[in-house]
Amino acid sequence: APLPASAAWREGDPVGNRRFVDLGALRLETGGHLPAVRIAYETWGTLAPSGDNAVLVLHALTGDSHVTGPAGPGHPTAGWWDSLVGPGRPIDTDRWYVVAPNVLGGCQGSTGPSSPAPDGHAWGSRFPYVTVRDQVTAEIALADALGIDAWALVIGGSMGGMRALEWAVMAPDRVRGVAPVATTPQSTGDQIAWAHAQLAAIRGDAGWHGGDYHEVGDGRGPHAGLGVARQIAHTTYRSAIELDERFGRQAQAGEEPVGGGGRFAVQSYLDHHAGKLARRFDAGSYVTLTDAILSHDVGRGRGGVAAALGGVTARALVVAVDTDRLYLPAQSVEIAAGIPGADGLHLARSDFGHDGFLIEAEQVGGLVRGFLG
């Protein structure tokens with residue numbers, strides 16, 4: 001089927017298991033503001049009368065609120081952390097009340113570039129710059145709206161881990177346990193460089209139209225640029241070990257890559273992931289959220305990383321993947337060393353690189369189950 005200009009969720013689309021909270025205006029860290037913010041979220045389990053069994057699960061760059069459950073109307077893919085959340089699973093929804101929001105700036109029901117601005121047209125290029133701290137400010141307002149005073153656990157991987165750290169620093173009295181997984185205390189020069197190439201690919205696509213492709217142009221959107229961005233990102237999400245052992249120099253079936261105009265199998269694999277993302281995501285959100293990731297530095301304006309982490313009062317489970325070449329284990333070592341309530345770094349063994357935090361269900365799940373007790 002032809003790709004839409006944006007695969008963002010829109011009013012009138014199937015709601016699925018989403019719920020919505022309108023939070024009103026939000027003043028942003030850099031001085032701007034959003035006049036009206038809506039956050040989409042999903043929940044599982046039952047909040048205890050004491051309110052002490054709430055768990056917040058935070059998604060990565062292209063994730064959403066659908067942490068667990070099958071694909072279906074409103075949910076183009078199955079839950080992205082299905083192995084971790086559910087009845088009898090490490091975060092047991094027979095015991096814990098789990099909340100998962102779609103991040104501010106996202107495209108699956110929360111306010112973002114594809115959402116209508118006050119004039120009824122998509123925000124597009126007018127959507128303001130938001131930081132990780134702005135995203136957490138919105139999530140704090142969501143917790144207030146849900147009547148949750150404190151979380152037993154705030155857990156997230158990758159970009160979600162950044163928000164988990166910010167929760168523990170910004171609202172220490174509301175976080176009893178925190179689990180930053182496969183993340184970093186601040187975006188480094190290397191990570192900014194990889195992200196810059198992704199942003200340039202999207203912004204350089206003729207279909208980008210300065211970010212206003214939702215309502216102008218030929219209706220096709222910047223799919224080529226978004227696809228290239230995804231290919232760059234996906235390469236950093238996996239490891240050289242996996243790509244070499246899984247694909248090596250194999251030709252794609254029926255194609256001749258050496259002199260024949262065909263592709264190697266690993267090229268076909270990356271092409272597949274590029275097309276897959278275009279069918280479920282929005283390029284404007286990809287840019288907005290990547291910019292937010294680049295803003296991430298828990299030490300900014302707080303006396304440095306060590307000072308910020310030293311003020312965290314929550315117990316901490318810090319997990320890294322040994323082959324992660326995006327968020328290096330050494331960066332998680334810094335987190336574990338800086339948080340007084342951390343019991344050191346827990347290292348998951350994986351051949352899959354950064355995505356090991358999603359794939360190594362037994363290892364990561366075992367650590368989370370043990371931490372929750």
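Under 4 °C and 1.567 mPa s, how fast does the chain diffuse according to Stokes-Einstein, given a Kirkwood radius computed over C-alpha pairs? Answer in µm²/s, whole number. Display every interim value, and only then the final one.
Details: Rh = 21.0 Å.
For the chosen part, D equals 62 µm²/s.
I'd like the antiparallel share, as a percent to the nearest 5, of DSSP beta bridges with both residues in the chain. Please report the intermediate quantities before stating the final value.
Details: 15 of 37 bridges.
Counting only bridges with both partners in the chain, antiparallel ones make up about 40 percent.
Work out from phi, with θ = phi - 60° and the Karplus expression 6.51 cos²θ - 1.76 cosθ + 1.60, the ³J(HN,Hα) of each residue of the range 38-55, listed in order in whole Hz, and give x for Gly and Pro.
For the range 38-55, the Karplus curve yields 10, 10, 8, 8, 10, 9, 9, x, 10, 6, 5, x, 6, x, 9, 10, 8, 10 Hz.
Taking Cα pairs under 8 Å and at least six residues apart, what relative contact order does the range 29-101 come out at, in percent?
Numbers: 107 pairs, mean separation 30.6, N = 73.
That works out to 42 percent.
So what's the net charge close to Ala265: Lys and Arg +1, Asp and Glu -1, counting the other residues with Cβ under 11 Å from its Cβ?
+1
Between Val21, Val312, Val55, find the one with the highest GNM mean-square fluctuation for the chain; connect C-alpha pairs within less than 10 Å.
For the chain, modelled as a Gaussian network with Cα springs under 10 Å, the answer is Val21.
If amide H atoms are built 1.01 Å from N in the plane of the peptide, which residues on other chains or at least 5 residues away come under 5 Å of the amide H of Leu345?
Sorted by chain and number, the residues that satisfy this come to none at all.
So what are the radius of gyration and Dmax for the Cα set of the range 102-164, in Å?
Calculated on Cα positions, Rg and Dmax stand at 13.2, 40 Å.
When the chain is fully extended, how far beyond the present Cα-Cα distance does Ile241 get from Asp82, taking 0.36 nm per residue of separation? Walk me through the numbers on the way to the answer.
Details: separation 159, 0.36 × 159 = 57.24 nm, distance 2.54 nm.
Going from the current span to full extension adds 54.7 nm.
Need one number for the range 112-267: average projected area of the convex hull over its C-alpha atoms, nm².
Details: hull surface 53.9 nm².
Its Cα hull, projected and averaged over all orientations, spans 13.5 nm².
I'm checking a number: the convex hull volume of the Cα atoms of the range 3-139, normalised per residue, in Å³. What is it? List each step's numbers first, then the result.
Details: hull volume 17.0 nm³, N = 137.
Normalising the Cα hull of the range 3-139 by residue number yields 124 Å³.
Which far-off residues, 5 or more places away or on another chain, put their amide H under 5 Å from the one on Gly299, with H placed in the peptide plane?
Under 5 Å from the amide H of Gly299: Val305.
Amide H to amide H under 5 Å from Leu58: which residues, 5+ apart in sequence or cross-chain, H placed 1.01 Å off N in plane?
When sequence neighbours closer than 5 places are left aside, the close amide H contacts are Ile155, Gly156, Gly157.
Using θ = phi - 60° and the Karplus curve 6.51 cos²θ - 1.76 cosθ + 1.60, what whole-Hz ³J(HN,Hα) does each residue of the range 119-130 get, with Gly and Pro shown as x?
7, x, 8, 4, 4, x, 5, 7, 5, x, 5, 10
Near Arg246, within a Cβ-to-Cβ distance under 14 Å, what is the net charge of the other residues, with Lys and Arg +1 and Asp and Glu -1? Spell out each step's value before the answer.
Numbers: positive: Arg238, Arg249; negative: Glu242, Asp244, Glu245, Asp351, Asp355.
Local net charge: -3.
Let me spell out the model: positive unit charges on the Cβ of Lys and Arg, negative unit charges on the Cβ of Asp and Glu, origin at the Cα centre of the range 231-270. What dipole size does that give, in debye rounded to 20? Before the final figure, lay out each step's value.
Details: 4 positive and 5 negative charges, 16 e Å.
Once rounded to the nearest 20, the dipole reads 80 debye.
Can you run phi through the Karplus equation (6.51, -1.76, 1.60; θ = phi - 60°) for the range 311-316 and list ³J(HN,Hα) in whole Hz, with x for Gly and Pro?
Using θ = phi - 60°, the values come out as x, 6, 9, 6, 5, 9 Hz.
Take the Cα pairs of the range 251-341, get the Kirkwood Rh, then feed it into Stokes-Einstein at 20 °C and 1.002 mPa s and tell me D in µm²/s. List each step's numbers first, then the result.
Numbers: Rh = 17.1 Å.
In µm²/s, the coefficient rounds to 125.
Taking every pair of alpha-carbon atoms in the range 1-50, give the share separated by more than 16 Å as a whole percent.
65 percent
Excluding ligands, DNA and RNA, what is the solvent-accessible area per residue of the chain at a probe of 1.4 Å, expressed in Å²?
It amounts to 39 Å² per residue over the chain.
Give the share of C-alpha pairs in each 10 angstrom bin for the range 205-286, from 0 to the last occupied bin, in whole percents, shortest bins first.
Pairs per bin, as whole percents: 17, 38, 28, 15, 1.
7 Å from Cα along Cα→Cβ at both Arg300 and Glu29: what's the point-to-point distance in nm?
A separation of 0.5 nm, rounded to one decimal place.
For labels at Asp13 and Arg249 in the simple 7 Å Cα→Cβ model, what's the distance in nm?
With each label placed 7 Å out from Cα toward Cβ, I get 4.3 nm.
So, with a 1.4 angstrom probe, what is the percent of accessible area on the chain that is carbon and sulfur? Numbers along the way, then the final one.
Details: 7820 of 14500 Å².
Of all accessible area on the chain, carbon and sulfur atoms account for 54 percent.
Using the Cβ atoms and a cut-off under 14 Å, what net charge is assigned to the surroundings of Arg280, where Lys and Arg are +1 and Asp and Glu are -1?
My count for the surroundings of Arg280 gives +1.
Any idea what the alpha-carbon Rg over 2.2 N^0.38 Å comes to for the range 289-373?
On the way: Rg = 13.8 Å, N = 85, 2.2 N^0.38 = 11.9 Å.
Against the empirical 2.2 N^0.38 Å value, I get 1.16 for the range 289-373.
The values are calculated or read from the model by the stated rules, or taken from the named source; none is laboratory data. This structure is a prediction, so every number in the text was calculated from the model and none was measured. All Cβ positions, glycine included, derive from the backbone under ideal geometry; neighbour counts span all protein chains shown. With ligands, DNA and RNA removed, areas are computed over all heavy atoms of the protein, side chains included. Shrake-Rupley method; radii C 1.70, N 1.55, O 1.52, S 1.80 Å.
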